[in-house]
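Working notes, structure below.
The values are calculated or read from the model by the stated rules, or taken from the named source; none is laboratory data. The model shown is predicted, which means the values in this text are computed figures rather than measured ones. Note that each Cβ is placed from the backbone with ideal geometry, even for glycine, and that neighbours are counted across all protein chains shown. What goes into the accessible areas is simple: the full protein's heavy atoms, side chains included, and nothing from ligands, DNA or RNA. Shrake-Rupley method; radii C 1.70, N 1.55, O 1.52, S 1.80 Å.
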Amino acid sequence: MGTHMPPDRPESTVVHEGFFDEDYRARYILAVEELGHLLEEIAGERSLFAPVGDSFRRIEALESISQDGVRALFGPKKVFFPDYQEIFRFDARGRVEDALKPEKRAIFGARACDVRALGMLDRYFGEMDEPFYKTARENTLVVGLTCTESMPSCFCTQFGGLSDAGLDYDIWLTPLNDGFLAESGSEEGKRILASLSLPEADEEHLRAKEELIKRVEESMDWKPIPDELIFSSMRDGLEHPVWKEIAERCFACGKCNMICPTCHCYDVRDETDLYGNGKRVRVWDACHLFRYGLVAGDHNFRGKRLARAQYRVYDKFYYPVERYGRFACTGCGRCLDVCNADIDLRDILKRITGGTAHGE
Amino acid sequence: MGNSYIPSSVRLERIEEETDDTRTFFFDRKIDSRPGQFLEVSVLGYGEAPISINSSADENLRLTIRSVGNVTGAVHRMKPGDEMGIRGPFGRGWPLDEMEGKNLLIVAGGIGLAPLRAAILDIIRSRERYGNVALFYGARSPELIIHKKELGEWAKEMDVKVTVDVCDEYRKDICSAWKGDVGVVTTLFDKYRIPEDSTAFVCGPPVMMKFATKELLKRGFTMDRIYVSLERHMKCGMGMCGHCQIGGRYVCKDGPVFSVAEFVKWAEKPEEMEGVL
Ligand SMILES: Cc1cc2nc3c(=O)[nH]c(=O)nc-3n(C[C@H](O)[C@H](O)[C@H](O)COP(=O)(O)OP(=O)(O)OC[C@H]3O[C@@H](n4cnc5c(N)ncnc54)[C@H](O)[C@@H]3O)c2cc1C
Ligand code: SF4
Ligand code: SF4
Ligand code: FES
């Protein structure tokens with residue numbers, strides 16, 4: 001993706017890059033009745049997180065896990081990067097207690113777009129080995145699930161689609177007629193699947209998976225645009241009228257930031273009691289909000305709504321290509337689902353690359 | 001794995017008044033830093049603020065801080081003997097290594113002299129490694145000049161010119177004693193000789209950096225010979241929280257010092273350069 005690299009691309013180190021290793025690949029067939037065994041095996045020594053209703057939650061009872069065939073509205077990002085996280089505690093005498101404590105976890109039911117988004121967070125937070133993200137990522141087993149339907153807002157086919165190829169996970173499940181195709185993508189995943197003594201999958205099952213992916217991808221209302229065209233159109237499109245149009249509609253509420261699986265900005269705050277004991281916490285922040293770029297003397301470096309609306313989109317389709325060689329959008333469509341102004345990235349991409357807008 | 005958000009502690013030894021709202025704080029130990037880098041200063045219960053390292057690496061840590069809010073206010077309330085937290089040093093400072101044998105023009109505005117002090121000291125310490133060096137410094141009025149005593153010492157090693165924006169009859173009390181130039185810092189570009197073929201290091205308020213850059217470009221400076229130090233809202237200092245980002249670069253990690261030649265390629269230009277690029 002995005003081979004169009006400017007010459008002055010800053011250096012970056014990447015964690016988990018090329019993590020996937022064919023040596024860890026094993027394929028089995030998991031009957032529907034066996035799913036419970038797999039979940040018990042996974043949850044045994046780990047806290048399990050899976051979609052319940054519209055959101056990933058900590059699972060107490062396996063029956064509460066959602067049976068939907070498509071992504072949840074609130075993805076698994078907060079398992080790795082919580083919306084509110086203690087960094088450390090302190091007391092009035094200045095003593096500090098580290099809040100970095102690893103917990104063994106597993107996520108079940110992450111979709112291709114969710115896991116692709118984790119790959120992006122790996123790059124952002126991997127640049128400096130961000131301790132909380134890294135600790136969570138290293139201690140969390142990822143179980144992916146192929147979608148069996150799409151939502152009207154989905155356009156992941158632009159960014160790799162439903163395929164798990166190149167994604168970094170432990171186990172990948174694909175619902176088929178007679179159960180699940182279960183594939184391992186890590187040593188731990190391979191060990192877990194092997195322990196269940198399942199029958200091996202064959203070519204037929206792989207073909208069924210391909211067909212499922214094809215069917216769901218074709219159900220999406222999106223015709224992929226060449227990556228290079230998106231990149232060059234963004235580069236040359238700073239003055240395009242589309243920015244003014246979306247800025248006039250945008251409420252600058254930041255919901256699209258909060259819901260996005262690759263948005264990673266945060267604020268750091270101190271919270272104290274009356275005696276001066278307290279904690280330093282990290283909370284999600286949003287580049288759409290007015291005070292995001294405010295500094296001393298009331299300078300606001302992105303004070304105009306236009307600048308902020310444009311920035312969010314550039315930070316998905318342009319800057320990450322310069323820095324990491326890939327788009328930071330997965331096409332999950334969540335930002336459209338939550339937007340009261342119906343701002344649709346597909347419209348913007350079509351307009352800026354010279355096509356007509358969605359639905360026109 | 002370590003928690004890189006936990007600050008380490010330094011003890012305050014001495015405080016010096018610079019202006020009404022700005023003081024220099026002297027601490028009990030050295031920091032291995034390069035000129036132009038900054039620290040995240042942490043006061044438990046108040047939070048953190050990015051502050052440039054005012055000291056060179058061979059003296060104990062000094063920070064010159066203007067009291068504007070929460071954290072900076074809390075630091076101003078500290079007394080000698082008190083402890084404070086720091087994280088860092090962070091960022092890419094002034095490109096002194098590339099300046100060897102070259103002429104230099106340092107342009108500072110107001111408290112913007114503080115992040116340049118370490119560079120000035122390094123230049124003076126190895127004075128023979130550099131060509132002609134000039135420091136043009138502007139403050140709004142005489143009482144807002146920082147590092148007053150040192151400016152005189154530096155003048156022995158380089159061409160130091162100091163100007164104030166306004167000084168007229170309405171401010172007789174202060175201005176009768178002012179013997180220096182009057183006018184914004186860019187007026188010095190015409191009054192005095194800019195070292196030939198020099199590279200400029202610019203630090204000050206956003207408007208000042210904008211006009212200095214504009215005037216330097218007019219006088220034949222190429223973009224790759226103008227460096228500015230940007231200020232942005234910063235929450236982590238490590239290229240993680242996203243706050244300082246501009247044009248896809250992290251000011252905290254990839255900067256804060258950038259050459260103008262770098263900006264022109266970005267899809268979002270620093271606001272300081274509005275009307276310049
Ligand atoms: C690289 C860098 C070097 C700096 N060096 C110095 C220095 O040497 N001396 C000095 O006095 N100041 C310096 N500053 C500015 C200093 O960081 C801000 O004045 C300080 O963060 C304000 O924090 P506060 O908690 O006191 O104010 P707050 O109570 O937080 O707010 C006061 C005002 O400052 C703004 N602000 C809040 N947090 C930040 C932030 N992290 N960065 C910038 N503005 C913020 C607020 O939006 C508000 O307008 C530097 C800034 C940067 C980015
Ligand atoms: S959700 Fe919609 S209205 Fe809100 S900031 Fe995002 S684009 Fe603007
Ligand atoms: S920008 Fe929108 S579509 Fe893209 S990953 Fe974020 S929420 Fe999903
Ligand atoms: S200060 Fe957090 S990314 Fe630069």
Problem set entry | Per residue accessible area of the protein assembly as shown, 1.4 Å probe, in Å² | 42 Å²
Exercise. Just for the Cα atoms in the stretch A:279-360, what are the lengths along the principal axes, largest first, rounded to whole Å?
Worked result: 47, 26, 25
For this session: Provide the convex hull volume over Cα atoms per residue for the stretch A:197-343, in Å³.
Result: 226 Å³
For this session: For chain B, build the charge dipole from Cβ charges (+1 Lys, Arg; -1 Asp, Glu) around the Cα centre, then report which of B:Cys241, B:Ala118, B:Ala49 sits farthest towards its positive end.
Result: B:Cys241
Exercise. Which pairs in the list A:Lys244/B:Lys269; A:Lys350/B:Lys269; A:Lys350/B:Lys235; B:Lys156/B:Lys179; B:Lys102/B:Lys235 are over 28 Å apart, alpha-carbon to alpha-carbon?
Worked result: A:Lys350/B:Lys235; B:Lys102/B:Lys235
Problem set entry | Estimated D of chain B in µm² per second, where Rh is the Kirkwood radius over Cα pairs and Stokes-Einstein applies at 10 °C, 1.306 mPa s | 82 µm²/s
Problem set entry | Accessible-area composition of the protein assembly as shown, carbon plus sulfur, in percent [1.4 Å probe] | 49 percent
Exercise. Per Stokes-Einstein, at 20 °C and 1.002 mPa s, what whole-number D in µm² s⁻¹ belongs to chain A, with the Kirkwood radius over Cα pairs as the hydrodynamic radius?
Worked result: 98 µm²/s
Problem set entry | Only Lys, Arg (+1) and Asp, Glu (-1) charged, at Cβ; the protein assembly as shown dipole about Cα centre in debye | 2140 debye
Problem set entry | Inter-probe distance in nm under a simple model that places probes 7 Å from Cα toward Cβ, at B:Ser141 and B:Ile174 | 0.4 nm
Exercise. Can you list the aspartates and glutamates whose alpha carbon sits under 17 Å from that of A:Lys255, skipping same-chain ones fewer than 8 residues off?
Worked result: A:Asp54, A:Asp83, A:Asp267, A:Asp285, A:Asp315, A:Asp337, A:Asp342, A:Asp344
Seminar exercise, completed: Shielding of A:274-283 by other chains, given as the mean Cβ count within 10 Å, works out to 2
Exercise. Mean shadow of the stretch B:8-90, computed from the convex hull of its alpha carbons, in nm²?
Worked result: 4.8 nm²
For this session: Select from the stretch B:142-249 those trypsin sites (Lys or Arg not before Pro) which occupy a DSSP coil region and have at most 13 other Cβ atoms within 10 Å, ordered by residue number.
Result: B:Lys156, B:Lys179, B:Arg193, B:Arg219
Problem set entry | Normalised contact order of the stretch A:227-352, rounded percent, pairs of Cα under 8 Å and 6 or more residues apart | 32 percent
For this session: Note the per residue figure in Å³ for the convex hull of the C-alpha positions in the stretch B:154-270.
Result: 152 Å³
Exercise. Can you give the mean number of other chain Cβ atoms that lie within 10 Å of the Cβ atoms in peptide A:125-137?
Worked result: 3
For this session: Measure out, as a whole number of angstrom, how far apart the alpha-carbon centroids of the stretch A:91-150 and the stretch A:276-354 sit.
Result: 21 Å
For this session: Would you mind giving the three semi-axes, in whole Å and largest first, of the ellipsoid equivalent to the protein assembly as shown according to its Cα gyration tensor?
Result: 52, 28, 21
Problem set entry | For residues of B:230-241, the mean tally of beta carbons on other chains within 10 Å | 6
Exercise. With labels modelled as points extended 7 Å from the Cα through the Cβ direction, what inter-label distance (nm, one decimal) is found for A:Arg25 paired with A:Ser66?
Worked result: 3.1 nm
Exercise. What's the FRET efficiency of B:Glu16 with B:Tyr192 using the Cβ-Cβ distance as r and R₀ = 30 Å, to the nearest 0.05?
Worked result: 0.55
Seminar exercise, completed: A:Phe81 neighbourhood, Cβ < 10 Å, K/R = +1, D/E = -1, net charge +2
